Structure formats: structure tokens, C-alpha cells
Amino acid sequence: MESPSKHTPSTDDIDDLARLLGADLANGLTAGEAQRRLAQNGPNELLATPRIATWRRVLSHFQDPLIYLLLGAIVISLTAWVFEGREGWPVDAIVIALIVVLNGVLGHVQEAKAHDAVAALARMNAPAASVVRDGQVQRVQSVELVKGDMLVLAEGDAIAADARLVQAASLRVQESSLTGESEAALKDPATLPGPAALGDQRNMVFNGTFVAQGNGRAVVVATGMSTQMGSIAGMLAATVQQPTPLEKEIAHIGRMLGIAVLVIAVVVVGTVLLIAKPASIGEVIGVLLLGVALAVAAVPEGLPAILSVVLALGVQRMARHNAIIKNLSSVETLGATSVICSDKTGTLTRSEMTIVRVMTASGETDITGGGYAPEGQVEYKGARLQSGPVLAEHIALLSGGSLAGNASLRQVEGGAWEAHGDPTEAAFLVAERKLGITERRERRFQRIGEIPFTSERKMMSTIELDHEHGDERVLICKGAPDVLLGQCTRVRVGVEVVALDEALRAKFLADVDTLSSAALRTLAVAYRPLAADEDAQATESLERDLIFVGTAGIIDPPREEAAVAIREARRAGIRVIMITGDHPLTATRIAADLGLVDAGAVALSGTELDRLDDAAFAEAVRHTSVYARVAPAHKLRIVDALQADGSIVAMTGDGVNDAPALKAADIGVAMGITGTEVAKGAARMILADDNFATIVEAVREGRGIFDNIRKFLRYLLSSNMGEVLTVFLGVVGAGVIGLTTADGALVLPLLATQILWLNLITDSWPALAMGIDPAGDDVMARKPRQSGERVIDADMWWGVVAIGAVVAVVTLLTMDMYLPGGLIEGERDLANARTAGFTVLVFAHLFNCFNARSETASAFTHPTTNRWLWGAVALSGILQVGVVHLDLLNLAFGTAPLTLDQWLVCGAMGSVVLWFSELRKFLRRRAKK
């Protein structure tokens, strides 16, 4: 047996292909030969990637630089606690450890339901298949299929391997999961003249699809990983899911903070050693512990937990809008999306074939409404079709198309309509309901015979008893217009029947061209009464001397809400691209109807893409918005090209063919209703309602979350910078502000316990409240941020340093006001002065909450929209009053009670950060103008 690997089964002569495969087209393989090939080539199954163990998934949530930094802070804190004599509990280490654990648990719980996509592919294999072996039809397990086996296909069968058709009778195969086409593909055993796209290989059937109608036989040409489904599985396994932009940014922040912490520790310790000149090992250790404590204080240890909580809350809000997020950080990625690559069928369209235009002898009509719900009407010249010859012709056409079919339509619980059977036949059922003739037609006719559709005849017929005309027998035919016209000698004009002359024939062929040029699929209807003495056996010989009625134009209509969503996406600066396996004309028609492209735009096909080198491909991707007849490899290549061009790409899809691109995209979006398990497993987000508009709503939510992340990062970092600079400047300028003892020993401006308290009451609740801040402006009115744009850019870093410096200065000035000596003569003791400075620092942080809500807008703009923030500030203020005035807390935190005057001074000094920020924002706004 020769290897067929160098041959294209669809273009090979079937006898030559059988010889290459060592196949017997009549009797199939022998059982012995099948076993030999199975042992040689292996089972017909897809290789699944081993599932990652739960403990490894849990551990993965602790693998980023910020978490490493916090783990280092725990070690440092425990070391300091040991050196200090292990008195009490190491509270700071315990708190940081709890935060780290909470962050990991939140992430793991949210992602626990994610499935391995390649394992889902393996589960899609059909459990059994019918084959011919030893001359007999047998049922075997699909894993036992081998190349050269003869598959026997019947309606409803799942196809378990790639195979070349040997024979077919009315065979239609549903391939949407592989090709993206909504309509079942009509199959024909004839050899193709040349290579064709996957969706055009009409003489092939593929693993993972199923028979929608008819029957046939096919010789297996590929099994397991050699099939088209196996090719997708291989691409899926080889595709690396990249970290989200937020994951990259948090890792960058972690690295930056790690460097900053080391620099702070070295500078502070070095400065103190130079100034204080410790005389003993104990004093040196004390200075080292100071540097360690300050370094720990510089780390916003609440950041990972706050970030996870904010993202988790965003996930819950999106879930209420039917967007299910599998990965927390993917929430923010949506906000950065600059390109949405969308599948057509079921995503931008309803996946419900609909008759939208009808052309008969007396005129043409438009039929409004889309989908299977019979809502709409037949319109003639802009008004509802009422009476006359056009109505008579439409009654004959729509009722005839319904009679010559086997689909059914019914209304299910909840009011929705669903169709069973061929979607095109269902379209006639819906259209005749819109015309209002269903009950009349059902009472009038009774089927007594059927001539099934075949690919050779391209038509089907039924024989009906017409009870209104004395049980007259009527042959009703439906099929390809050109074929049907060839069998017609007369035409229906109103209620009359006239001869079909050349002028009328040319008119009807022109009608077909008109409908086809509008990217509509065309089906024609004809009929003839059978003579009383005519044999009514359902044979093809009856399909002659027919009366032509007209032609219907059919399309899978676009979702109305998708058009609105596309307009909103464009307003937000997001480019929408359609990538489909459907015909180019259909793709561009739908894209134009949705407003995605202008009328007359051209789609690029997969064949055309294959002819482009890398440079030309990249250039095409920059300017083309519609791709048709593409294979899975094309989708993946398009996503890769967009990402290489700097775009943040969201890819939507529902089929197996979409899975590799879904996994490679920055945010893969799978359909929850029509989507395969493979697509859901590869995606980061699932649409529970299969609604494209939900994506745009999710983008809006993602942008709001990104803004809020910037807010609490700005707040946390500037607050921590204030603490660091307070201690650093307090140590460096201790002599200037009088922060020394009588014998000249150095005194710290803040105690380690006070720093811990600051982080506890000002870093957590206010920052979390800012994480759920309502959007301050129309987030969809601005362009997406660039892929390289930092969450914390240079401008924000300067703001963080400036705010931190102001906080440190007002804190140290307040302490100087109450300490003897220094710049301002005071008369309070160290405990009282330190408490006042400590309180100013708290107040400054709380005022900074309102500053941090925007880089440019005043804090007095919509100040009451976030009730949670006001609640967090009030709670922090109350706790600070407690730590200042309760004896037990005085002892624990080294504080002393303040007078009312001192509280007023502390409030005024803390508010300086607010007025400084207002001035800075005012100047920025003026500069921007």
C-alpha cells in the first residue's frame, strides 16, 4: 500500500485513491488487515494534553514578582521579630501571609472550572461507526477505524474520520463546527478538478462532523491526529496562551517595587549609619531592622488581594450581563482590546436561515423579520402585500416550498420558536406564516408520495392530495432555479397559467442573478397537477412539464443588536473584523448589513491568503476587515499578525475551527449556547447569550476596571511613598526638626507598629472602595490604550513622588510644631508630637483618596458618587480616633491623646495634599487647553 500523504484525496480519481490506500470499495478491508493497520498506525483518537494537577494550578497563582516580593517581606518580618526577642505575635508577617493566601485562593476559585481544550477535542470523537469489513456492514468503535476502511453513513451519524466519498444519496453534512458555515453542506462523490478550501471539498467528509440528511459511503483517508480535527488539536496544543496585559504589568510593577525596596533599604540604612554612627553591634542591628521595616512598609502588601477582589467583583458584574470570565486578569484585558475578530455564523448572525426576498412573474417582494420567529410581513412596493396576482403567486411559492420539505417549526416554552430539520426548509415555513396561509395550506393538502433530493437532480418533489379540488393529485417541486426552469414549460402568472416563452425564461434567470449578486441563496418552486390516468408512483419521470412559480432569496440574517454593538465598538476606536468559513459574497453582504464595511467591499479568501508572503500578509491584515473561506490555520495566522502589529486582539468563535485562534488571542471569547466544549475550553471568556453586543458591554466594564486599577495604584503607591519619605527625611533632617533626644540620640519619626497600622486602615478599605468607583466619564468615547502603555506611566510616577513628598513634608512640619527646638518651637513631648505627625499622615492618606480618583478632574467633581469610599474614609477616621484615645491602643501603638486644637491642626495639615493636588490638576488642565 502506497502512502497517500503526497496526494490530495479530493482531487484523486477514486479508483487510484483506493489503490493507494489498499482499499476494497466493494467489500471493505478484512478483519485481519484492519487489525494489522491498527497495530501499525495506532488508534483513531486525538492526543489529549494531560490535565494539570490541582496543586500545580494553585501554585501557579503564587508565581509572579509581586508575590515573591511579599514572600520576601514575610521572611524579613519574621527575621526582625526573631532579632527583637520574639515578643508577642509577628503580626505584620501574619497579615502579609494571609493576604498572599487570599490572593491565591481567589484566583484559583475563579479559574477552577476551566477545561483542557484538547481533552475536550478528544471527547468529541464519535463512540462508534458503521463500516464494511469482510463484505459485511459492522459497527466498530471509532478508535478502531483505519485508513482504507469503508464508512457507511446514514442520517444522524457522527463521522469518525476523514474520508473520501464513494457514493452519496441526498447527503448533507453539518460541518459548521469545522468550517463555520451555518448550512449543512451538500455532498457529491465527483472528483474535484483542483485543490479547494475545506468548505468546498464536497466529495470529502471530516471527523467531528455529522450527517444531517441522506446516506452514503466513503473510504477513510486519515485517522487520529492526521485528520483535519487532529490538525486543529495539534495547533491548539502548540499554541501558547500568552499572559494578559495586566499580568505583564503587575509583574513589571513587582519588579520595579523590588528594585525600589532594595534601593530604599540600602539608602536609608547607609544614611542612618553615616549620621548616627552607632557605637555597638546592637545599635547596628537596630539600624538594619529600621531599613528592613521601612522596606516592608514601601511594599503595598494589600495590592494583590485588592486587585483580585476588584477583578472578582468585575467578573460578577459581567456574569450578570451574560459574560463569563474564566481568568480574573482577562477582565482588564477587555478594556485594552483594540481589535475584535468575530466569527460570522451564530455570532454576528442568528444562525437561522430566513427568506428575505421573493421574485415571481408579476413582481418582487421583501419579507421583513429575521430568524425562526414568524414576526414580520411580506411587503410589495413598500406596503404590506394585500391582494392581486403577486399575492396569488406568493401563496403558491411559499406554500409549495413548505410542502416540498420535511422541516417542522414549533413554539417552545417561553415563547421562542425553534426549527427541526433542514434550516432552508424551515425558512419556507416561517415565510408562509408571515403571509398568513399556514392553516389554510395544512387543511388543504395531504402528502401521499416523495421523490427525495439528490445532488444529481438538485431538486426534491412531493405528491400531494388537494382536498379543495376533489383530491386532485399535485406534484410540487423545489430546487435549484436553473435546473427547475429546465423542467418547466409553463409559468404561473397570478391565478392563470401561461406558456413559458424565452422572454419569461430570461426574466427568471435574471431574477436569480439579482438574488445571487445580493449574496442570497436561491431556491425555486414549481408544480403541476397530475392527470387522473397518470401513474402517481414517486419517480423522477414525473418531474417534467412543470409550472414555474418563482424564486426565493434566503440568508442567515445578521443580529440587529450586533449592528448596534459594532457602531459602539467603532466609537470606542475598536476595529471589528469578520473571519468566516462562509462564501465571500455572503460574508461581505452580512458585513455591509452590519455596517462593518461599506457596500462593495471585497473579502479575502483563504486561497488568496495562501498566496501572500509574510510581508504582504501583514499588510493585508492591516486593511482587510472581511475574510471568507478560511481554514483554522488562517484564523490563527491573522490573530498572530494583528498581535505582531501591536494590537490587543479579542477573538470570538463557537466551533472547533476557532479554538487555536481563541487560545492565541489576548482574549478568546467563546459562545456559550452554540459553542463547542473545545471552543469554551480554549477561550478566556464565554458569552452565555451568544450575543456580540455582550462583548462591547464587557469592553466597557473592562475599561472602567482599568481606570479603577490606576486609581488605587496611584493611591497606594503615593501613600506608601509618603510613609517612606517621612521616615527617610525624618532621619536625614532629624536635627533640623528637633527629632533627637537630650543626649543627641536619633529618634524615628514613626514606630514600626504605627507604619503597620497605617497600612492596615488606609491601604485596604479606601483602596478597595476605589476599585469599585463608578466611571467618571464616557469610557467608550476614547481610543483603546496602546499595547505598550503602562498602567503606571512616567507621569503617574512623578505624581506619586510629588504627592509622597508633600505628605512627608506636612507630617514632619506638624511634628516640628510640637517638638522643642527645630524650625518651629514647640512644647509637647515626643509621644504627643509623634502621634500628631502619625495622625496627619493618616489624614493625608484619606484626603489623597479623593485626589487619586482622577489625574485631571477635580476631587470636587461628583464627590458623592462613591458611597463606599466615604464609608471607608469614615471607618478609617474612627479607628484613628480610637488608636489615639484608647489607653490599650496607646500602649500598643505608642500614641498619646490629642487635644481638640491638635485634631483641627492635624486635619488642616492633612488637607494640604488635597489643595496641592487641586493646584496641580488645574495647571495640567490649563496646559492641555
Inset, instruction - Say whether the condition of being surrounded by fewer than 18 Cβ atoms within 10 Å (Cβ to Cβ), among the β-branched types (Val, Ile, Thr), at pLDDT below 90 and at negative phi is met by at least one residue in the stretch 777-796. - result: no
Inset, instruction - For the stretch 394-402, state whether one or more residues are farther than 18 Å from Ser362 by Cβ, crowded, with 20+ Cβ neighbours inside 10 Å and among the aliphatic types (A, V, I, L, M). - result: no
Legend entry - Tally, over the stretch 573-625, of residues that are within 21 Å of Leu515 (Cα to Cα) and among the hydrophobic types (A, V, I, L, M, F, W, C): 11
Legend entry - Only one of Arg622, Arg637 that is in a helix (DSSP H, G or I) and either hydroxyl-bearing (Ser, Thr, Tyr) or more than 20 Å from the chain's Cα centre (by Cα) (or both): Arg622
Inset, instruction - State yes or no: is Val95 of a type in the set (Val, Ile, Thr), under 24 Å from Arg255 (Cβ atoms), surrounded by 13 or more Cβ atoms within 10 Å (Cβ to Cβ) and at pLDDT below 90? - result: yes
Legend entry - Close pairs (7 angstrom Cβ cut-off, 6 or more residues apart or separate chains): in contact (Cβ under 8 Å) with a residue 60 or more places away in the chain in the stretch 865-884, part of a loop (DSSP other than H, G, I, E, B) and surrounded by fewer than 17 Cβ atoms within 10 Å (Cβ to Cβ) anywhere: Thr865/Pro774; Asn866/Pro774
Inset, instruction - Would you be able to tell me the number of residues in the stretch 714-750 that are modelled with pLDDT under 85 and farther than 17 Å from Ile264 by Cα? - result: 14
Inset, instruction - Go through the stretch 820-858 and give me each residue that's under 19 Å from Met909 (Cα atoms) and under 35 Å from the mean Cα position of the chain (by Cα). - result: Cys849, Phe850, Asn851, Ala852
Legend entry - Unique match (being of a type outside the set (Asp, Glu), under 30 Å from Gln316 (Cβ atoms) and surrounded by fewer than 24 Cβ atoms within 10 Å (Cβ to Cβ)) among Gly600, Gly595, Gly672, Gly655: Gly672
Inset, instruction - Of the numbered conditions (1) at pLDDT below 85; (2) more than 18 Å from Ile476 (Cβ to Cβ); (3) not hydrophobic (A, V, I, L, M, F, W, C), Lys507 fails exactly one; give the number of that condition. - result: (1)
Inset, instruction - Identify the single condition in (1) assigned to a loop (DSSP other than H, G, I, E, B); (2) closer than 19 Å to Leu546 by Cα that Gly414 does not satisfy, given that it satisfies every other one. - result: (2)
Inset, instruction - Answer with yes or no whether Arg924 is at pLDDT below 90, part of a helix (DSSP H, G or I) and under 40 Å from the mean Cα position of the chain (by Cα). - result: yes
Inset, instruction - Please go through the stretch 395-420 and pick out each residue that is out of contact with any helix residue (DSSP H, G or I) (no Cβ under 6 Å at 6 or more places or on another chain), within 25 Å of Leu475 (Cα to Cα) and not aliphatic (A, V, I, L, M). - result: Gly400, Asn406, Ser408, His420
Inset, instruction - Report yes if Gly479 is among the small types (Gly, Ala, Ser), under 24 Å from Met353 (Cβ atoms), in the same structural domain as Ala404 (by TED's automatic domain parsing) and surrounded by 13 or more Cβ atoms within 10 Å (Cβ to Cβ), otherwise no. - result: yes
Inset, instruction - Pick out the one residue from Ile250, Ile281, Ile264 that is under 29 Å from Val75 (Cα atoms), among the β-branched types (Val, Ile, Thr), within 22 Å of the chain's Cα centre (by Cα) and at pLDDT below 75. - result: Ile250
Inset, instruction - Would you tally the residues in the stretch 194-210 being in contact with a Gly (Cβ under 7 Å, 6 or more places away or on another chain) and modelled with pLDDT of 85 or more? - result: 0
Legend entry - Scope the stretch 133-150; condition surrounded by fewer than 24 Cβ atoms within 10 Å (Cβ to Cβ) and among the hydrophobic types (A, V, I, L, M, F, W, C); matching residues: Val137, Val140, Val143, Met150
Legend entry - Those strands (runs of 3 or more DSSP E) lying entirely in the stretch 448-564 with at least 3 residues within 49 Å of the chain's Cα centre (by Cα): 459-466, 472-479, 521-529, 546-555
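Can you pull out every residue in the stretch 207-232 that is assigned to a loop (DSSP other than H, G, I, E, B) and either small (Gly, Ala, Ser) or closer than 20 Å to Gly28 by Cβ (or both)?
Asn207, Gly208, Thr223, Thr227 - these are the residues of the stretch 207-232 that are assigned to a loop (DSSP other than H, G, I, E, B) and either small (Gly, Ala, Ser) or closer than 20 Å to Gly28 by Cβ (or both).
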Inset, instruction - Could you check, for the stretch 834-849, whether at least one of its residues is within 22 Å of Gly771 (Cα to Cα), aromatic (Phe, Trp, Tyr) and surrounded by fewer than 24 Cβ atoms within 10 Å (Cβ to Cβ)? - result: yes
Inset, instruction - Please determine, by comparing only the residues of the stretch 570-584 that are modelled with pLDDT of 90 or more and buried (at least 24 other Cβ atoms within 10 Å of the Cβ), which one is farthest from Arg782 (Cα to Cα). - result: Met578
Inset, instruction - Name the one entry in Ala592, Ala670, Ala599, Ala650 that is in a helix (DSSP H, G or I), out of contact with any Phe, Trp or Tyr (no Cβ under 6 Å at 6 or more places or on another chain) and not assigned by TED's automatic domain parsing to the domain that holds Ala233. - result: Ala592
Inset, instruction - For residues that are among the acidic types (Asp, Glu) and buried (at least 19 other Cβ atoms within 10 Å of the Cβ), scanning just the stretch 343-382, find the one that is modelled with the highest pLDDT. - result: Glu352
Inset, instruction - Could you pull out the residue among Arg834, Arg828, Arg853, Arg790 that is in contact with a helix residue (DSSP H, G or I) (Cβ under 9 Å, 6 or more places away or on another chain), farther than 30 Å from Ala572 by Cβ, among the basic types (Lys, Arg) and in a loop (DSSP other than H, G, I, E, B)? - result: Arg828
Legend entry - Breaking point among (1) over 22 Å from Asp466 (Cα atoms); (2) surrounded by 20 or more Cβ atoms within 10 Å (Cβ to Cβ); (3) touching a residue at least 60 places away in the same chain (Cβ under 8 Å); (4) not hydroxyl-bearing (Ser, Thr, Tyr), for Leu385: (3)
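Look through Glu425, Glu439, Glu432 and report the one residue that is at pLDDT below 80 and on the phi < 0 side of the Ramachandran plot.
None of the others qualify; the one that does is Glu439.
The values are calculated or read from the model by the stated rules, or taken from the named source; none is laboratory data. In this text, all values refer to a predicted model and were calculated from it rather than measured experimentally. Here Cβ is always computed from backbone atoms with ideal geometry, including for glycine, and neighbour counts include all displayed protein chains.
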